[in-house]
Each structure stands twice: as structure tokens, then as C-alpha cells.
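Report on the structure given below.
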Amino acid sequence: MPRTKAALAAVDIIDNELIYLQLSTERGNVFIHQWHKQKANTAWNKGLDCRELMTVMEHRASHYQRLTQPSATDNVTSFVHETYGGTADYTQDIVLDYQYDPTSAHVISAHSSQVKKRQQLFAQLAGPLSIVEPAFQAILRATNFLLGQGELITSRPCEQWLIVELSHPLSTCLFCHHGCLDRLQFVAESELHEVITNSPLTLYFGDKTKFSETTQNLLNTAIELQLPKSMGDFSSAVGSTAAISLFGNALRGFSSWHH
């Protein structure tokens, strides 16, 4: 069976370098179809073997909410408009992305000006940048894939887990239930101990050596998020934190599913 390449590819700018990642799949296994890295301020000199491009926005540039009442598109839109509390003219500029589960709707929103600003960063690329999603959405997708493929070995099954993106001064904590995001929280290192010890299962990524010895020892009880070994060269070249987000974003290139 030949490999199937993703129709969409992920792009991001990390440390003033533009990174392109496109995946392929064969018999349930995921491989890198093509990846490229170059200075962000130089002309793009590689061909694009994809239909469209995707990227992510910073966590704080978008808003996540879980709605338990809406059951139709119009209801989702009206609930989000109420959240922003703006005028009709203002809320027309809100960009929505949402997915239903049996009991609620998971909604991500951002102002269209923020999305356009993000898109403009990749103006030198020949392909259209049509999909922009929050970084935490890509991280969640990557984690779910790695758990589902057995890339991460957990000692016990559980319904809830915590994903920690290590960073200073605030780390990003994704509280998950059955693979869906329950809530998002930004915590200082002094708060990490309580957050992690109260979680049935903690997965993390990022450079833990920048944290205190106490925090490093605490993280030794957690599971480090790592890409498949076949992608080790890519992960080393772009850094583990960026690699997880890029990989999760690139996974979306196979279909329109979110989680």
C-alpha cells in the first residue's frame, strides 16, 4: 500500500526561522513527507507539495470555551457573541472554530484581525494559508495521537489527564477529559507542584532543565511527550516544544477533525 501524503502542511516561525512540515501515512503509521527550515526574512525557495497551508496562534491570542447548551451553529454563534458582549458589528469580526461532543460544544474564537495578522507573517509562501488554529488545539491532537498509537506508555488507564507545556514565567496547563479540553490555565512554577500532584496523569514537554531541582524531580514522575523516534532529527532541529505543536498542526492535514 503506497503512502498517502497529507493534503495540507503546517508552517510556523520559530526563533526567526520559518519551518514547513508535511506528513504522510502508511498502514496507520505517520512519517515526514517533507520538511524544510530557512530564515523567515528570506525568499521561499522550495516547492509546496500540498493543497493548502496551516499554522497556529499563540495561546493568548484565542479564547476557548465549552458550551453545554447549544445544539446548532446559530446557537454557538449567539453564545459566543454574548461572551464577547460586543455590538453586532464587532462580533461579526469574530472567527469561530468548534466541534460537538454528545453533551457540549467546544468553541475556539479569535478576532479576525488577529488571524489576518498571523497569516501575513507567511506572505512569502506561494500557497494559501487558509487554516489557523490555537496552539493548544494542535498540542491536544498530537497528544491524543501519541496515546492512541501506543507511543506513550501509561501505567494505568484514566479518563482525565494534564498536559503541561513548560515555559517561564508561566507554563500552559491543558486539563483534558477523554481527550477533549476541559480548561486551560497558565501557572507559575510555584503553582506547578499542586497542579501536577492533583492530576491522575501528567504529560509534559519543554526544557525542564530551566526549572528548579524540585520541579525537575516532580516531572520525573510524569511522562515526557516525545515524537516518534523516526522524527528524532526533525524534533532536534526545531526544539521539542515547537515540534509537538507543529506535529499536531500537521496531523490536521489529513482531514478536518479537530481532536
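The values are calculated or read from the model by the stated rules, or taken from the named source; none is laboratory data. Since this is a predicted model, take the numbers as computed values, not measurements. All Cβ positions, glycine included, derive from the backbone under ideal geometry; neighbour counts span all protein chains shown. Note: accessible area is taken over every heavy atom of the protein model, side chains too, but ligands, DNA and RNA are not part of it. Shrake-Rupley method; radii C 1.70, N 1.55, O 1.52, S 1.80 Å.
Tally up the residues in the range 7-55 that are within 23 Å of Leu147 (Cα to Cα), in a strand (DSSP E or B) and over 22 Å from the mean Cα position of the chain (by Cα), please.
Summing the residues that are within 23 Å of Leu147 (Cα to Cα), in a strand (DSSP E or B) and over 22 Å from the mean Cα position of the chain (by Cα) in the range 7-55 gives 1.
Exactly one condition in (1) in contact (Cβ under 8 Å) with a residue 12 or more places away in the chain; (2) in the same structural domain as Leu21 (by the TED database) is not met by Asp93; state its number.
Exception for Asp93: condition (2).
Which pairs have Cβ atoms under 7 Å, sit 6 or more apart or on different chains, and link a residue in the range 159-171 that is free of Cβ contacts under 8 Å to residues at least 12 places away in the same chain to one that is loosely packed, with under 15 Cβ neighbours inside 10 Å?
Matching pairs, first to second residue: none at all.
Can you name every residue in the range 1-17 that is in contact with a strand residue (DSSP E or B) (Cβ under 6 Å, 6 or more places away or on another chain) and aliphatic (A, V, I, L, M)?
Start the filter on the range 1-17 by keeping residues that are in contact with a strand residue (DSSP E or B) (Cβ under 6 Å, 6 or more places away or on another chain), which leaves 3-6, 8-12, 17.
Ala6, Leu8, Ala9, Ala10, Val11 - these are the residues of the range 1-17 that are in contact with a strand residue (DSSP E or B) (Cβ under 6 Å, 6 or more places away or on another chain) and aliphatic (A, V, I, L, M).
Of (1) polar (S, T, N, Q); (2) assigned to a helix (DSSP H, G or I); (3) out of contact with any helix residue (DSSP H, G or I) (no Cβ under 7 Å at 6 or more places or on another chain); (4) surrounded by 12 or more Cβ atoms within 10 Å (Cβ to Cβ), Ser236 satisfies all except one. Which?
(4)
Scan the helices (runs of 4 or more DSSP H) fully inside the range 66-159 and keep the ones with 2 or more residues being open to solvent by 40 Å² or more (accessible area, probe 1.4 Å) and modelled with pLDDT under 85. Quick ask: steps written out before the conclusion?
Details: elements: 73-84, 88-91, 112-120, 135-148.
Correct list: 73-84, 88-91.
Working only within the range 198-227, note down all residues that are open to solvent by 50 Å² or more (accessible area, probe 1.4 Å), touching a strand residue (DSSP E or B) at 6+ places or on another chain (Cβ under 9 Å) and in a loop (DSSP other than H, G, I, E, B).
Asn198, Pro200, Thr221, Gln226
Please tell me if Thr4 is at pLDDT 90 or above, over 18 Å from the mean Cα position of the chain (by Cα) and open to solvent by 40 Å² or more (accessible area, probe 1.4 Å). Steps first, answer last, please.
Values: at pLDDT 90 or above: yes; over 18 Å from the mean Cα position of the chain (by Cα): yes; open to solvent by 40 Å² or more (accessible area, probe 1.4 Å): yes.
Against the criterion (at pLDDT 90 or above, over 18 Å from the mean Cα position of the chain (by Cα) and open to solvent by 40 Å² or more (accessible area, probe 1.4 Å)), Thr4 qualifies.
Looking at (1) under 17 Å from Phe254 (Cβ atoms); (2) buried (at least 16 other Cβ atoms within 10 Å of the Cβ), find the lone condition where His36 falls short.
Only one criterion is unmet by His36, namely (1).
What are the pairs, 6+ residues apart or on separate chains, where a residue within the range 1-19 that is closer than 11 Å to Phe247 by Cα has its Cβ under 6 Å from a residue that is assigned to a loop (DSSP other than H, G, I, E, B) and open to solvent by less than 40 Å² (accessible area, probe 1.4 Å)?
Here the result reads Ala9/Cys50; Val11/Phe122, each pair linking the range 1-19 to a residue that is assigned to a loop (DSSP other than H, G, I, E, B) and open to solvent by less than 40 Å² (accessible area, probe 1.4 Å).
Exactly one condition in (1) modelled with pLDDT of 80 or more; (2) assigned by the TED database to the domain that holds Ser167 is not met by Gly47; state its number.
So the condition that Gly47 fails would be (1).
Considering each residue of the range 178-197, count those that are at pLDDT below 90 and either within 19 Å of Gln226 (Cβ to Cβ) or open to solvent by 40 Å² or more (accessible area, probe 1.4 Å) (or both), and give that number. Reasoning before the result, please.
Here is the first cut: in the range 178-197, the ones at pLDDT below 90 are 178-183.
Of the ones still in play, those that are also either within 19 Å of Gln226 (Cβ to Cβ) or open to solvent by 40 Å² or more (accessible area, probe 1.4 Å) (or both) are 178-179, 182-183.
Summing the residues that are at pLDDT below 90 and either within 19 Å of Gln226 (Cβ to Cβ) or open to solvent by 40 Å² or more (accessible area, probe 1.4 Å) (or both) in the range 178-197 gives 4.
Among the residues of the range 242-258, are any modelled with pLDDT under 90, farther than 19 Å from Cys180 by Cβ and either of a type in the set (S, T, N, Q) or touching a Pro at 6+ places or on another chain (Cβ under 8 Å) (or both)?
No, every residue in the range 242-258 fails to be modelled with pLDDT under 90, farther than 19 Å from Cys180 by Cβ and either of a type in the set (S, T, N, Q) or touching a Pro at 6+ places or on another chain (Cβ under 8 Å) (or both).
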